[in-house]
Amino acid sequence: MEATKALSVMTARELTRLVLAREELFILDVRNENDFKDWKIEGEKIDVINIPYFELLDGVDPALDQIPNGKKILVVCAKEGSSKFVAEQIAQAGRGNVHYLEGGMKSWSEHLEPVKISDLKGGGSLYQFVRIGKGCLSYMVVSNGEAAVVDTLRMTDVFEEFAKSQGATIKHTLDTHLHADHISGGRKLAEKIGGTYWLPPKDADEVTFSYDKLEEGQDITVGNTTIRIEPVYSPGHTIGSTSLIVDEQFLLTGDILFIESIGRPDLAGKAEDWVGDLRETLYNRYRGLSQDLIVLPAHFGKVSELGEEGKVMAKLSDLYGKNPGLNIQEEAAFRRTVTENLPPQPNAYQEIRQTNMGKITPSEEEQQEMEIGPNRCAVHN
Amino acid sequence: MQVDLMVDTKGLACPMPIVKAKKALDGLTTGQVMEVQSTDKGSVNDFQAWVKQTKHELIQYEEENGIYKFFVKKI
């Protein structure tokens with residue numbers, strides 16, 4: 001009886017809150033060594049070890065030796081089954097405060113946490129959606145019963161439900177570029193709710209569906225209070241990459257500029273061609289914008305980029321001071337940095353691009369698997 | 001190939017395919033071959049890692065209509 005009491009389930013949402021609150025946790029990850037090396041749960045006060053579950057079939061003693069007493073314990077696997085199996089034995093061995101992750105890394109990969117960034121001048125609000133397991137960020141602008149979603153993720157239900165809770169109808173979905181690390185939910189969501197899907201035309205050469213052209217010089221309005229979304233052409237991560245200025249205060253950079261890094265130019269196979277665009281955007285175009293803008297990127301690479309309550313944001317002028325990618329004065333050195341020694345490419349990135357172009361239509365389960373792993377859109381990870 | 005023991009784990013989710021396979025392998029003698037059938041996609045990576053770690057030999061692996069077949073020789 002005591003053993004069952006000591007064992008509880010932890011949801012991805014509970015784990016997210018714990019990471020954001022910087023609480024202590026000891027994680028035993030029982031996936032294969034390769035999967036663990038590729039991608040794991042991270043947090044400021046999280047200790048994590050890896051012992052594949054099949055090494056614990058004869059008993060959990062090898063794990064017990066390494067698990068500190070008195071700490072909250074979470075056992076994690078790919079889907080749930082083997083973590084529950086191992087966690088039960090750890091609890092039976094007399095350890096307390098033992099949890100297993102509901103739905104495993106699959107559920108961790110898909111959890112989205114909405115965080116309010118700010119009220120807007122005209123009375124609306126801006127929200128950031130933190131996909132903490134994968135490091136993706138989406139945004140929702142809400143004003144006077146209308147909403148626009150930027151860089152919508154595949155889990156479109158979350159956005160629909162959130163808009164509903166705000167009493168808003170989604171009118172627009174926008175992609176800052178053709179994504180290579182995650183499957184966009186923008187088109188699906190726009191079709192479902194009868195909204196408009198916006199995509200930069202230069203990234204849409206090969207797409208198989210209709211869309212509205214996200215181009216500089218054309219504002220998108222949300223709500224009666226006129227929260228403007230102003231596109232700024234900013235190529236470099238892709239040829240079409242377009243940033244958005246919301247309410248004259250926030251710069252949504254897509255995958256061009258992150259808090260601690262800059263975008264990589266190689267995911268469409270054109271690093272050499274696009275490196276010049278990337279430099280031009282970061283060192284000239286963005287320099288010409290108001291330095292008081294608050295940068296809101298489409299990704300984070302490290303948990304250190306998560307600020308208070310999980311918000312990922314920074315003032316543009318601060319990034320020009322601190323972000324290493326904005327401080328490579330010599331062009332040749334910049335070229336080397338963004339084309340050589342890049343991290344491995346995101347899982348299934350070519351298939352993900354094909355999916356986002358509408359060229360292939362994988363099943364839900366295939367889509368889940370394509371997205372497993374970290375985002376890897378930055379030069380430094 | 002001569003198969004000495006067939007282990008059917010079809011329909012079972014992780015960790016059961018490997019739990020069953022391990023139990024079956026414990027009962028074999030050196031040189032004998034077991035065939036494990038699974039419908040769990042995750043078992044593909046797990047089987048390879050498990051066989052490697054336990055230092056037995058994965059002689060063959062094949063997939064047919066969503067059924068994964070592993071042939072493991074006890075060393």
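Spot the failing condition for A:CYS77; the list is (1) open to solvent by 10 Å² or more (accessible area, probe 1.4 Å); (2) within 11 Å of chain B (Cβ to nearest Cβ), and only one is missed.
The failed condition is (1).
If you scan the range A:172-224, which residues turn out to be open to solvent by 50 Å² or more (accessible area, probe 1.4 Å), part of a loop (DSSP other than H, G, I, E, B) and closer than 22 Å to A:ASP247 by Cα?
Matches in the range A:172-224: A:GLU215, A:GLU216, A:GLY217, A:GLN218, A:ASP219, A:ASN224.
Can you tell me which residue among A:ALA12, A:ALA21 is among the small types (Gly, Ala, Ser) and in contact with a Gly (Cβ under 9 Å, 6 or more places away or on another chain)?
Only one candidate passes the filter, namely A:ALA12.
Could you tell me how many of the residues in the range A:295-310 are more than 11 Å from the chain's Cα centre (by Cα) and open to solvent by less than 40 Å² (accessible area, probe 1.4 Å)?
6
Under the condition of being open to solvent by less than 10 Å² (accessible area, probe 1.4 Å) and at pLDDT 95 or above, which residue from the range A:116-129 is nearest to the chain's Cα centre (by Cα)?
Per the stated criteria, the residue is A:PHE129.
Could you please let me know if A:PRO52 is within 12 Å of chain B (Cβ to nearest Cβ) and of a type outside the set (Ser, Thr, Tyr)?
So A:PRO52 passes the test.
Pairs please, first residue from the range A:85-100 and charged (D, E, K, R), second anywhere and open to solvent by less than 40 Å² (accessible area, probe 1.4 Å), Cβ atoms under 9 Å, 6+ apart in sequence or on different chains.
Close Cβ pairs satisfying both conditions: A:GLU88/A:ALA3; A:GLU88/A:LEU7; A:GLU88/A:VAL98; A:GLU88/A:TYR100; A:ARG95/A:ALA6; A:ARG95/A:LEU64; A:ARG95/A:ILE67; A:ARG95/A:ILE73.
Please count how many residues of the range A:32-46 are in contact with a helix residue (DSSP H, G or I) (Cβ under 8 Å, 6 or more places away or on another chain) and either open to solvent by less than 30 Å² (accessible area, probe 1.4 Å) or within 12 Å of chain B (Cβ to nearest Cβ) (or both).
Matching residues across the range A:32-46 total 8.
Has the range A:268-290 got any residue that is of a type in the set (Val, Ile, Thr), part of a strand (DSSP E or B) and either under 23 Å from the mean Cα position of the chain (by Cα) or under 25 Å from A:GLN166 (Cα atoms) (or both)?
Looking for residues that are of a type in the set (Val, Ile, Thr), part of a strand (DSSP E or B) and either under 23 Å from the mean Cα position of the chain (by Cα) or under 25 Å from A:GLN166 (Cα atoms) (or both), one finds none in the range A:268-290, hence no.
Answer with yes or no whether A:GLY94 is part of a loop (DSSP other than H, G, I, E, B) and within 14 Å of chain B (Cβ to nearest Cβ).
no
Within the range A:149-156, is there a residue that is open to solvent by 10 Å² or more (accessible area, probe 1.4 Å) and among the acidic types (Asp, Glu)?
No, the range A:149-156 contains no residue that is open to solvent by 10 Å² or more (accessible area, probe 1.4 Å) and among the acidic types (Asp, Glu).
Scanning for something surrounded by fewer than 18 Cβ atoms within 10 Å (Cβ to Cβ), at pLDDT below 95, not small (Gly, Ala, Ser) and not in a helix (DSSP H, G or I), does the range A:1-20 turn up at least one residue?
yes
Take the residues in the range A:311-354 that are farther than 28 Å from A:GLY185 by Cβ and among the aromatic types (Phe, Trp, Tyr), then tell me which one is least open to solvent (accessible area, probe 1.4 Å).
Within the range A:311-354, the match that is least open to solvent (accessible area, probe 1.4 Å) is A:PHE334.
Being part of a loop (DSSP other than H, G, I, E, B) and either within 14 Å of chain B (Cβ to nearest Cβ) or under 18 Å from A:GLU102 (Cα atoms) (or both) is the filter here; which residues of the range A:21-31 pass it?
Within the range A:21-31, A:VAL30, A:ARG31 qualify.
Checking A:ALA63 against (1) within 12 Å of chain B (Cβ to nearest Cβ); (2) part of a helix (DSSP H, G or I), which single condition isn't satisfied?
Tallying (1) within 12 Å of chain B (Cβ to nearest Cβ); (2) part of a helix (DSSP H, G or I), A:ALA63 fails exactly one: (1).
The values are calculated or read from the model by the stated rules, or taken from the named source; none is laboratory data. Note that the coordinates shown come from a computational prediction; the quantities given were computed from them, not determined experimentally. When we count neighbours, we look across all protein chains shown, and the Cβ atoms used for this are built from the backbone with ideal geometry, even at glycine. Each accessible area value is taken on the protein alone, full model and side chains, heavy atoms only, with ligands, DNA and RNA left out. Shrake-Rupley method; radii C 1.70, N 1.55, O 1.52, S 1.80 Å.
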